[in-house]
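The values are calculated or read from the model by the stated rules, or taken from the named source; none is laboratory data. All of these numbers come straight from a predicted model, not from anything done at the bench. Using ideal geometry, Cβ is built from the backbone for each residue, glycine included, and neighbour counts are taken over all protein chains shown. Side chains are part of the model used for accessible areas, which takes the heavy atoms of the whole protein and leaves out ligands, DNA and RNA. Shrake-Rupley method; radii C 1.70, N 1.55, O 1.52, S 1.80 Å.
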Amino acid sequence: MQIYLPIAELPISILTVLGLSGAVGFVSGLFGVGGGFLLTPLLIFLDIPPAVAVATVAAQVAGSSTTGVLTYWRRRALDLKLGSILVAGGILGTLLGVLFFNSMRRLGQLELVITLSYVTLFTIIGGLMLYDALRAMLRVRAGKPARLKRRAGTHPWWMGLPLRMRFPDSQLYCSVIPIATLAIVIGFIGAVLGVGGGFILVPALIYFFRIPTAIVVGTSLFQILVTMTGATLLHALTNQSVDIVLAILLLLGGVIGAQFGGRAARNLNVESFRLLLALLILSVGLRFAIELFIPPSEPFSVVISEGTR
């Protein structure tokens, strides 16, 4: 059964969209990531225009993150104090990202920017995470601790910058400058690529700030919820690229899948969590890299610049 998408201007199978969004929603609840880093490229592979895919997935990410936030809120595994700083930085980054997105679209370079960004960002981050996860698992099998513990009183230089703040729920005391900077970068990337940014935020909070995994997942989803809601509104108001019909289908599948993912996360150990997330991120980056070397089905096309309409 197919349905016509008015903004994307093409028909698509309802069951295919529901299945994809449900699976991605499950991943969102399981790993504490928005799921857009999977759903956006999947829609692009289904011939949805990149601009429509990015803007519409932002709405799905916000919807699926809502149920995940409620799940972790009930468990008291959400640091609102840390989340508020991440949200403030994320909103600023989202605004800058939407402005950059619109300028690249007007120049006709948006699809190239999205593809190259996915390849570069995902393969680097996924590769580093995979290396770290495999090294930790080998240390555990050898009877050693997964990671060397820091000596008391030692911490990375970025945690000792000015404007230090204590976060009791996250067992963290550090400067808000690196946290806010991280949030701005993630908000920018999220707006440009249509991803929640959890695939960066989750490992960054775990590896660089040593925040407990359970708190990281809930706090990440909270930041994603607010920033992706803002990105959806900005995309809808500035470039009218949010396809409401597609967004509703994505939300239906994503909300259901996120509930099951949140429950499954209870039985996932830390090392398996890191390994699976690394493989997911790396596989998406490699998939886009392959696309760069596949000849297009139509080698010539005509594109009308938006500035001339």
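One table, with the values for the structure above:
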| item | result |
| --- | --- |
| Cβ-derived FRET efficiency at R0 35 Å, Q171 paired with V140, nearest 0.05 | 0.95 |
| Net lengthening on full extension, I124/L279 (0.36 nm per residue, minus Cα-Cα) | 54.6 nm |
| Fraction of accessible area attributable to carbon and sulfur, the range 37-99 (%, probe 1.4 Å) | 71 |
| Solvent exposure of the range 171-227 as accessible area per residue, Å², 1.4 Å probe | 25 |
| Computed P(r) (all Cα pairs; the range 61-149; 10 Å bins; percent) | 13, 21, 33, 26, 7, 1 |
| For the range 41-83, accessible area per residue (1.4 Å probe, heavy atoms of protein chains only), Å² | 35 |
| Label-point separation, R287 to L96 (7 Å along Cα→Cβ), nm | 2.9 |
| Kirkwood Rh in Å, taken over the range 1-137 so that all alpha-carbon pairs contribute | 17.1 |
